[in-house]
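To keep things clear, I will list the structure first and then write my remarks on it.
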Amino acid sequence: MFELLGISPQALFGQLLIGLINGAFYAMLSLGLAVIFGLLNVINFAHGAQYMMGAFVAWFVLEYAGVPFWGALIVAPVAVAIFGVILEQVFIKRLYHLDHLYGLLLTFGFVLIIEGLFRYKFGSSGQPYDNPLPGGQNLGFMFLPNYRGFVVVASLVVCLGTWFMIEKTKLGSYLRAATENPTLVRAFGINVPRMVTLTYAFGVGLAAFAGVLAAPIYQVNPTMGSNLIIIVFAVVVIGGMGSIMGSIVTGFGLGVIEGLTKVFYPEASSTVIFVIMAIVLLIRPAGLFGTAK
Amino acid sequence: MQRMKQLMSAAAMVALLAAPAAAQVSDDVVKLGVMNDQSGLYADITGPGSVVAARMAVEDFGGKVLGKPIEVVFADHQNKPDIGVNVARQWIDTQQVDAMVDVPTSSVALAVQEVTRQKNRVFLMSGPASSDLTGKACSETGIHWTYDTYALANGTGKALVKQGGDTWFFLTSDYAFGHALERDTAKFVTDGGGKVLGVVRHPLNTADFSSFLLQAQASKAKVIGLANAGGDTINSIKQAAEFGVVAGGQRLAGLLVFINDVHALGLKTAQGLVVTSAFYWDLNDDTRAFAKRFMEKHKGMVPSMIQAGVYGEVMHYLKAVQAAGTDEAKAVAKKMKELPINDFMTKNGSIRQDGRVIRNMYLLQVKKPEESKAKYDYYKVLATIPGNEAFRPMAEGGCPLVKG
């Protein structure tokens, strides 16, 4: 079979693993988007910019305060989440009663402003960020860098933790109830607006967390988010808007499909996800894991 | 007699029309249009810095030529040929732009070369790399100033083959530039007795190269040639280090690496890379003086060879306009080819019939972190490649302007 495909089993396993690693980023980012959309009904186009900010904060605290990568994993998401709270309180909050489109336009505007400011200040070629876990394991079929292994594990823990919190805990059930019927939930004495703000902050923090994880792999540059966010939106659409498990599974799955495309027909690797998106939209407009409302 | 009179008046008319054209500036302004990537992956190596360099040249020239003011305008082509062509047409048709400047991204430059050929405008290329611009796509008014894919292959490619790198695998950016760089390098590899084991072509502006690097690793080639640029090169090198490519005994050949890329990578990751460049700020007093002035005007960012080239080509263009007494494109291009080039980065340079500027190139190596004494102290010079060896012989390019 492998000979038929013109590829050795070693190469195939290697590519599958790499697909999984890239899928980890798609999963974490689309998860944040799905949480924000599912619970707030806001299409957070600024997600990519917040991912980029996460990476930049990590670089910044390392460069100017000597905070290492592991510290940045906590500091950067918190810092960017605080920025998210301000954004939500001052701007996004005012759009909840309007159509999705307004939220999308507002957050898109912020992307342009944030990226422009960062580009003006730091230039477009990016900043260096050293790998905190150099070296790797020889798995026989490929060389697995330690850091990439860590990324997959960290991403799985964060994704499943988020899913568990929202679907299985009491706090999660409050959240879901609050989005179904905020007036009723408020009548039980729960501070719904604050919960919504914190949810947005959490989603933004997830983006920043992914950004910190990305810093040692990709360039830390102002456009790193917009290059990724379009793919992540496609992932969310394929998985089903607002479906948490859907976005996780689709994120990892599409990473693998993209990885395989890079072997069989690399020229198409930047388009394959959109082809799948078009097919899914034709057959199941609500997405693979979504339910039509 | 009647006929004689007719002839005389016709001759007078011709003389009247021709005379002013010989010493005239169209629209009473000499306008330069700097078009490049203002915000994307090539923005640091071209972008606003090229505009700064063009303005510095205009300022140094005195702001006026043939008594008329010189103006610099700029636009973002977003690395898309259709946008580039639209901007070029608009500039020429409605804004009286006399010369296009910089225009990185070979696919865009090839398209703009056609527009300037049709509309008779000078095209001063510093950013684009494809050697086809002075080969089969050459133009009478197109001047390829700073470097090209042949010179890069000739420097880095040949040096690595000589050091025993006789099997290659290419990671190629999938558009005109990458294809040209791969082709020109592959020629040096096979001419030197080496072999190309494989090629993978990735889309422009790719974030993740791990999959491609894995294929390159599996090929067991001694050298992995990076026929890409800007952010793509940075990500390739960064991730190659992560995947233990160099530790595994393979060598990376960054075929087009700019000093800004080295800065973004950090010396720890970039050390040891062999790079071909037309310019390095720390070569001599002249280059240091230019870099100092440039950095004062451009947020402390070091000039890339492209930005340095923009200064040189604008200066030379203005000198040629002055000497030709007109801004008519063919006359200026002809004069540019007659005048010798002498500035901080080019000594006794010349422009060939096909538009190729001939100057020395430098084979540089990125320093180890402990060798670097100051910010941007990144390279040591391995060799100077004389201009007559650095570029493709004119007869081999296939430029239709070159006959016999």
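The values are calculated or read from the model by the stated rules, or taken from the named source; none is laboratory data. In this text the structure is predicted, and so the values were computed from the model without any measurement. So basically every Cβ, Gly included, is an ideal-geometry build from the backbone, and we count neighbours across all protein chains shown.
Observations, loosely collected:
- Matching residues, the range A:126-147, being surrounded by 18 or more Cβ atoms within 10 Å (Cβ to Cβ) and either over 20 Å from A:Gln10 (Cα atoms) or at the interface with chain B (Cβ under 7 Å from one of its Cβ atoms) (or both): A:Gly126, A:Gln127, A:Pro128, A:Tyr129, A:Asn131, A:Gly136, A:Met142, A:Phe143, A:Pro145, A:Tyr147
- Output for the range A:108-145, where each listed residue is hydroxyl-bearing (Ser, Thr, Tyr) and either more than 30 Å from B:Gln239 (Cβ to Cβ) or without any contact (Cβ under 8 Å) to a residue 40 or more places away in the chain (or both): A:Tyr120
- Which listed residue, of B:Val262, B:Val245, is assigned to a helix (DSSP H, G or I), within 14 Å of another protein chain (Cβ to nearest Cβ), under 25 Å from B:Glu370 (Cα atoms) and of a type in the set (A, V, I, L, M): B:Val262
- Residue match in the range B:71-90 (condition: aromatic (Phe, Trp, Tyr), touching a residue at least 40 places away in the same chain (Cβ under 8 Å), out of contact with any Cys (no Cβ under 7 Å at 6 or more places or on another chain) and part of a helix (DSSP H, G or I)): no
- Unique match (being modelled with pLDDT of 95 or more, surrounded by fewer than 24 Cβ atoms within 10 Å (Cβ to Cβ) and either of a type in the set (Gly, Ala, Ser) or not assigned by TED's automatic domain parsing to the domain that holds B:Ala109 (or both)) among B:Leu171, B:Leu197: B:Leu197
- Residue ranges of helices (runs of 4 or more DSSP H) in the range A:179-293 with at least 2 members under 15 Å from the mean Cα position of the chain (by Cα), farther than 24 Å from B:Ser211 by Cβ and at pLDDT 90 or above: A:192-214
- Selection of the range B:210-228 for residues being surrounded by 24 or more Cβ atoms within 10 Å (Cβ to Cβ) and in contact with a strand residue (DSSP E or B) (Cβ under 7 Å, 6 or more places away or on another chain) yields B:Phe212, B:Ala216, B:Val223, B:Ile224, B:Gly225, B:Leu226, B:Ala227, B:Asn228.
- Identity of the residue in the range A:1-18, surrounded by fewer than 24 Cβ atoms within 10 Å (Cβ to Cβ) and facing another protein chain (nearest Cβ under 8 Å), that ends up modelled with the highest pLDDT: A:Ala11
- For B:Ser236: the one exception among (1) in a helix (DSSP H, G or I); (2) of a type outside the set (Phe, Trp, Tyr); (3) surrounded by fewer than 21 Cβ atoms within 10 Å (Cβ to Cβ): (3)
- Selection count where residues are surrounded by fewer than 22 Cβ atoms within 10 Å (Cβ to Cβ) and closer than 20 Å to A:Gly172 by Cβ, scope the range A:41-66: 1
Let's see how each residue does on (1) at pLDDT below 95; (2) over 21 Å from B:Met56 (Cβ atoms); (3) assigned to a helix (DSSP H, G or I):
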site: B:Lys292; (1), (2), (3): no, no, yes
site: B:Ile306; (1), (2), (3): no, no, yes
site: B:Gln322; (1), (2), (3): no, no, yes
site: B:Ser350; (1), (2), (3): no, yes, no
site: B:Ala374; (1), (2), (3): yes, yes, no
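- Among the residues making up the range B:23-51, those that are surrounded by fewer than 24 Cβ atoms within 10 Å (Cβ to Cβ), touching a residue at least 60 places away in the same chain (Cβ under 8 Å) and not in a loop (DSSP other than H, G, I, E, B) are B:Ser26, B:Asp27, B:Lys31, B:Pro48.
- Considering (1) part of a loop (DSSP other than H, G, I, E, B); (2) surrounded by fewer than 19 Cβ atoms within 10 Å (Cβ to Cβ); (3) not assigned by TED's automatic domain parsing to the domain that holds B:Arg121, the lone condition that B:Cys399 does not fulfil carries the number (2).
- Screening the candidates A:Val249, A:Val236, A:Val272 for the property of being surrounded by fewer than 22 Cβ atoms within 10 Å (Cβ to Cβ) and more than 13 Å from chain B (Cβ to nearest Cβ) yields one hit, A:Val249.
- Hey, B:Arg117 more than 18 Å from B:Pro303 (Cβ to Cβ), touching a residue at least 12 places away in the same chain (Cβ under 8 Å) and either in contact with an Asp or Glu (Cβ under 6 Å, 6 or more places away or on another chain) or surrounded by fewer than 18 Cβ atoms within 10 Å (Cβ to Cβ) (or both) or not: yes
- Among the residues listed as A:Gly54, A:Gly23, A:Gly32, the single one being under 24 Å from A:Ile230 (Cα atoms), within 14 Å of another protein chain (Cβ to nearest Cβ), under 14 Å from the mean Cα position of the chain (by Cα) and not aromatic (Phe, Trp, Tyr): A:Gly23
- Condition check for B:Val366: buried (at least 19 other Cβ atoms within 10 Å of the Cβ), of a type in the set (A, V, I, L, M), touching a residue at least 24 places away in the same chain (Cβ under 8 Å) and not assigned by TED's automatic domain parsing to the domain that holds B:Met295: yes
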